[in-house]
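As structure tokens, the structure follows; a few thoughts come after it.
The values are calculated or read from the model by the stated rules, or taken from the named source; none is laboratory data. In this text the structure is predicted, and so the values were computed from the model without any measurement. Here the Cβ is made from the backbone with ideal geometry for all residues, glycine too, and neighbour counts use every protein chain on show.
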Amino acid sequence: MKNRLHVLRAERRLSQATLAEMLDVSRQTVNAIEVGKHDPSLTLAFRIAAIFDAPIEDIFLGLEEAVEALKAIRESTQA
């Protein structure tokens with residue numbers, strides 16, 4: 001999943017290690033999320049959003065489209 005984590009982290013001058021410590025994950029996890037090799041759990045996504053005081057959909061790009069697609073699927077199966 002594309003995201004703005006690297007940009008937000010850099011704006012606040014946080015290292016991957018510092019952010020990882022704040023999130024209680026490994027630095028490798030932060031790196032994997034930043035480069036799109038790992039999608040965070042919903043719990044972790046909420047923790048990231050809280051740290052950066054931003055809505056999840058502003059951090060994780062494409063999330064709005066995914067939610068809209070799920071709504072469309074749900075509506076089509078209920079019709």
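I'd like to check something: does region 39-49 contain any residue that is at pLDDT 95 or above, part of a helix (DSSP H, G or I), over 10 Å from the mean Cα position of the chain (by Cα) and closer than 13 Å to residue 4 by Cα? No, every residue in region 39-49 fails to be at pLDDT 95 or above, part of a helix (DSSP H, G or I), over 10 Å from the mean Cα position of the chain (by Cα) and closer than 13 Å to residue 4 by Cα. For region 15-23, state whether one or more residues are part of a loop (DSSP other than H, G, I, E, B), surrounded by 12 or more Cβ atoms within 10 Å (Cβ to Cβ) and not small (Gly, Ala, Ser). No, every residue in region 15-23 fails to be part of a loop (DSSP other than H, G, I, E, B), surrounded by 12 or more Cβ atoms within 10 Å (Cβ to Cβ) and not small (Gly, Ala, Ser). Scan region 15-31 residue by residue and report those that are farther than 11 Å from residue 5 by Cα and not acidic (Asp, Glu). Hits for region 15-31 are 15, 17, 18, 20, 22, 23, 25, 26, 27, 28, 29. In region 50-70, which residue that is closer than 19 Å to residue 18 by Cα and part of a helix (DSSP H, G or I) is modelled with the lowest pLDDT? Residue satisfying both the conditions and the ranking: 59.
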